Structure formats: C-alpha cells, structure tokens
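The values are calculated or read from the model by the stated rules, or taken from the named source; none is laboratory data. From a predicted model like this one, the values you see are computed outputs, not experimental measurements. When we count neighbours, we look across all protein chains shown, and the Cβ atoms used for this are built from the backbone with ideal geometry, even at glycine.
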There are 2 protein chains.
Amino acid sequence: MSERPRAVVLISGGLDSATTLAIAKDQGYDCYAMSVDYGQRHRVELKSAHWVAESFAVAEHKVVRLGMSGIGGSALTDSGIPVPETQGEGIPSTYVPARNTIFLSIALGWAEVLGARDLFIGVTAVDYSGYPDCRPEYIEAYETLANLGTKAGVEGGRFHIHTPLIDLSKADIIREGMRLGVDYGLTVSCYQADSEGRACGVCDSCRFRAQGFREAGLSDPTRYRDRCPAGD
Amino acid sequence: MSERPRAVVLISGGLDSATTLAIAKDQGYDCYAMSVDYGQRHRVELKSAHWVAESFAVAEHKVVRLGMSGIGGSALTDSGIPVPETQGEGIPSTYVPARNTIFLSIALGWAEVLGARDLFIGVTAVDYSGYPDCRPEYIEAYETLANLGTKAGVEGGRFHIHTPLIDLSKADIIREGMRLGVDYGLTVSCYQADSEGRACGVCDSCRFRAQGFREAGLSDPTRYRDRCPAGD
C-alpha cells in the first residue's frame, strides 16, 4: 500500500483540471480522480477525463452519475439555452447552478471514505471573472463547511481544498502543465465539442484556450472541427 | 401561477422530513420536494417519500439519482457494514459521508433554477447528538457558502436554510406533525425496513421513533415486521 497521502482530484476532461492533476501528482499525492456525469451536453468531456486519468496513472478514476439534467438552468445542460459565442457582462449562461458546490460535496464524501484530507479543484482566475463558485472566499467557506460537516473534520482531521490554479492566467497554467508533462491533446475545453473531441473554436472556452497557448508561446494541440482556431 | 414563495424541501420518506414538509406548507411556501436516490439499502424510503409528497400536494417531487453506492463508508449504503442495534458513543456507523452537504448542494442547484431562496431540511436535535452535519453551526456555514457560491446569492438574493426541527425532541416533532395533519403511517424511519415499509423495531431509528410516540402520548402507526415494537 502506498504511503503517500491520498488526494481526491476533480477532473472534467478540460485543460485546467488536467493541469491540477499534474500538480497534485507532482506534490507527491496518491491521486484519486473523480468526474461527475451530470448530463453535460459535451459528453466527450468524460472520455477526455478518462484519457487524462490514465495518462497520470491515478490510483482510481471514479465517474459518479448525477441525474441533474432534468433540472436545467444552464447552457451546458439545457439544450433550450444556446451556448454563447462571446462573453457578456456578469455571470455567463454557461454557469451551472451550484456546480462546484455539488462536485466538491461528492468529492468530500469520497475523500472521507478513502481517508483522504486533500481535495484538488482546478478553479482559475479566468473563471473567477464570471463564476461565483471559483472565488477564493467561496473556497474558504467550503473548507470551513467541510471541517464542520464531516466525521473526519469533527474528529480532528483537517480538510484542505487545494486550488493551485486560482491565481494563474491561462498561459501560466499551460506553461506549468507543459513542464509537468500534461498532454493537452487529450483534453477538451470546448463547450460544444463533437463526439471525437474536436472543438468549435468560437465559444468562450475555446477563445480562452487558444489565447492561452498564444500567450504562452506554445503550439496548440487542440483539434478543431470545421474552421480555423479562434482568433486566428 | 402561484404567488407564494417557492421552497425546496428535502424529503427522505422518514418522519422528520415529512413533518418539515408540513411546516413549510403551513408557513405558506409553494413546496418543491426533492429526494436523492443514492443507493440507500432501505429502498422503500423513496416510495414513502413519494407518498408523503403526494399527500401534501407538492408542486413537484423530484428524485435525483446519485451513483454513490460504489463509494461505501456507511452502514446505510454499504452492505458490508452491519446496521447497529444500539447507539454507541460518538458518530454512528449509519453516518453517510457528507450526506447532508451533498443533499443541500443538489437542492441548492434546483432552488437556483426555480428562483427559490428557501431550503428546508429536517435535521433534528436527536440527530445532532451524533451526526456532525446536523448541528446549527454546520447549517450556518452552509448558508454562508450558498450565498457566496451561487449566481443568485452574488446578485443579491439571500438563501435561507430552514431547520424547523433542530431544537425539537422526537415527541415534539410528532406532536407538531399531528397538528399539521401528517399521516405518519406513510413514513418509514427504520434503517432496514422491508420492501413493504415494515420496520425492524430494533435499530436506533426505530427506537427513537417508538420512544417519540410514547412520549407524545400518541398512538404509533408504525407497521412492524416480525416482533413487538421497540421498547414494548
């Protein structure tokens, strides 16, 4: 049995969470990857998550099914809401109600069973501009909750929510991931990728990603569907 | 369309959550009931939740499936852990890792979509003795989190987590429920009820329930399987 401390790492199949997994592994954790199948429209995400988990030889990759698709409320789960091509003011329509709260809660339950006290989530400074559940004060509040609401927390263990990307730009994230051997060709960032993982090139997420590779001065392994990469 | 404020009420099929629903309805809320199918061993709970929701004519009863059964860690989901017949010291083995955190998170997501700002959960002073995620400080921390981590919270709405039973004894809960017309014959409290909803009479939950009816001086409609009711 491994003597390294265990960590639960949330992975979505995207660039940020793949980098987060690489960082957790680099910090010496025995990584248990978790993805949530919540009826996301971009199903290829879960395939990518599997490829990413495999590429880092995690101890286990668990996909938890959550029947949230009947709830709607987001362009990412509700086919009645279009995915926006540009980011407007305020919180984007791609915000999924309480998503990180739900994901962290499921990860917390698994961590408690595994005896892990460390959770990793790839929230970023870029998301921070729009999503409320990516801000440092939210993460701090979650950590407080985790330690009050669990057997492990009450009995003296301390949960720690790691957000290694929170202050990094997309370019910084990509540079760090490249240094740690992330194969970004396995990841999908596009909000409306096709079943092969090829990106649309026009949604917010594609634009942030393409811009990140440009700013990092690194070649972009993203596969696009039917047009030139965003911004080119 | 109803002009009453909407509330999401977590119901499990048990006595406490049925009473909580009755209270929410009595307070004038348009009630949206939610149950989570998390692979609980006592499957009849979900049938009872349906009967309870129907008896209070809720606006909607949503059962969200969550594939947690592979995670284990509790006597309530893991068939390898026996259900205890007496309560020992500390946190009982029937504690489900992060259960209320997960349930509240899913309910919060639905509330946000519905435009509801009120969530009801039937945590009690009895549970409080053993479960960390039933204590007032935990509920306060959750409320803080909900307001930091949601679009609605950030944009000025205030979520409120109602715990109308938190200071009530089992007997008080039963008296209140009877006053509000709860049919406790529809509810199942037993941790190992059979598929007809008949109780074992020996688990902690059966004992608390039977004692509650005795202390309230009310007749107990619980159906038992193959022995005299607990404590008789």
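Let's see how each residue does on (1) surrounded by fewer than 21 Cβ atoms within 10 Å (Cβ to Cβ); (2) over 19 Å from the mean Cα position of the chain (by Cα); (3) modelled with pLDDT under 80:
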{"site": "B:Val52", "(1), (2), (3)": "no, no, no"}
{"site": "B:Ser55", "(1), (2), (3)": "yes, no, no"}
{"site": "B:Val63", "(1), (2), (3)": "yes, no, no"}
{"site": "B:Thr86", "(1), (2), (3)": "yes, yes, yes"}
{"site": "B:Trp110", "(1), (2), (3)": "no, no, no"}
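Here B:Ile121 fulfils each of the conditions (1) within 9 Å of chain A (Cβ to nearest Cβ); (2) crowded, with 24+ Cβ neighbours inside 10 Å apart from (1). Would it be correct to say that B:Leu168 is more than 9 Å from chain A (Cβ to nearest Cβ) and buried (at least 17 other Cβ atoms within 10 Å of the Cβ)? Yes; evaluated as a whole, the condition is true for this residue. Can you find a residue in the range A:144-156 that is crowded, with 24+ Cβ neighbours inside 10 Å and part of a helix (DSSP H, G or I)? Yes - at least one qualifying residue is present in the range A:144-156.
Would you check if there is a residue in the range B:160-176 being at pLDDT below 90 and part of a helix (DSSP H, G or I)? No, that holds for no residue.
Of all residues in the range B:39-55, those that are at positive phi have Cβ atoms under 6 Å from Cβ atoms of residues that are of a type in the set (Val, Ile, Thr) and crowded, with 17+ Cβ neighbours inside 10 Å, 6 or more apart or on another chain, in B:Gly39/B:Thr77.
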